[in-house]
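Derivation of every value follows stated rules applied to the coordinates shown; laboratory data play no part. Note that the structure is predicted; figures quoted are calculated from it, not measured. Positions of Cβ are backbone-derived with ideal geometry, glycine not excepted, and every protein chain shown enters the neighbour counts.
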Amino acid sequence: MRLLKSCRTAVAGVLLLPALATAQGGDTARVQVLRPASWHLQANSYYSEASNGYGVWRGQDVRLLYSGKKISPFVSIGSQSRPNGGQRVVSAGSYIVITPWLFSIVGIGSAPDRGVVLFPKLRTDISAFVAVPKLKGVLMSTGVTDLRFTDPRTGGRIVSLGPTIYRGRGIYSGAVHLNTDRASGAKSSSWQVGGQWGAQGSYWVGGGLGGGNEAYQVLSTTPFDARFSSRWGSVFASRWITKGTGASLRVDFENKIDVYRRTALGLSYFVDF
């Protein structure tokens, strides 16, 4: 069940990376392997400022994960506010271990449209992670994300592909994303790479880089094409304060070229029980 153990480590990494919150280094030589807790509860909050009049963005969410042998379901409730208003979002999904060498992540999210749109009205995700034969600690992943807004003609589909590599105390990943706009059929792409180092129950530190472009059609009285290029980077650190609690700090920088530059600081606190 080696992949199952990797899956649970990946679950922790996926939950901690977007968490945004504080940590220090630790003595990894004396870290013991801990049995995953059955429940993981995490509260996240972030603050960001964007240039060119886009103003202050604030957000928060609460996430709950149950770690089972074959199925690990999770739920999340969050919100974001900007100068033009705010919106709430609810999501749910699960990590599913199919065989010792294959697992999947499925999810669905919904954000009611009450006049301010910051999230898709409906988002669905499905991905699969497969252990590469004869390459110890290497997984290949592929996934599809579908985005739909109030107008059924808008949104799009994102297809992703990339590796995840486990080496010692490090987890390294990369991916390319191929995007198709539903309204116009326009194609665009993006990429990201990242890594994290540490041990479950002690600390994680890491970061990532990414970039790409956006291509879509804005539907209005006179439809027009939108084209943007972006670059982004992030660093984070997480540390267990006690056996079952911890906190994280994350800093993000985004440059949407010729539109705005945005810097974000996020904090989180998590409890394993």
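When only C-alpha pairs under 8 Å and at least 6 residues apart count, what is the relative contact order of the stretch 36-172, in percent?
Normalised by residue count, the contact order of the stretch 36-172 is 13 percent.
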Note on the chain: contact order normalised by length, alpha-carbon pairs under 8 Å, 6 or more apart, percent, works out to 19
With T = 20 °C, eta = 1.002 mPa s and Kirkwood Rh from C-alpha pairs, the Stokes-Einstein D of the chain in µm²/s is about 108
Could you pull out which residues in the stretch 234-255 have an amide N less than 17 Å from a spot 7 Å beyond the Cα of Trp191, following the Cα-Cβ vector? 234
Eligible aspartates and glutamates near Lys243 by straight Cα distance, threshold 20 Å, same-chain separation 8 or greater: Asp27, Asp272
The rounded separation in angstrom of the Cα centers of the stretch 199-217 and the stretch 163-178 is 11
Residues meeting the amide H criterion for Ala186 (H placed from the backbone, H to H distance under 5 Å, 5 or more places apart or on another chain) are Asp181
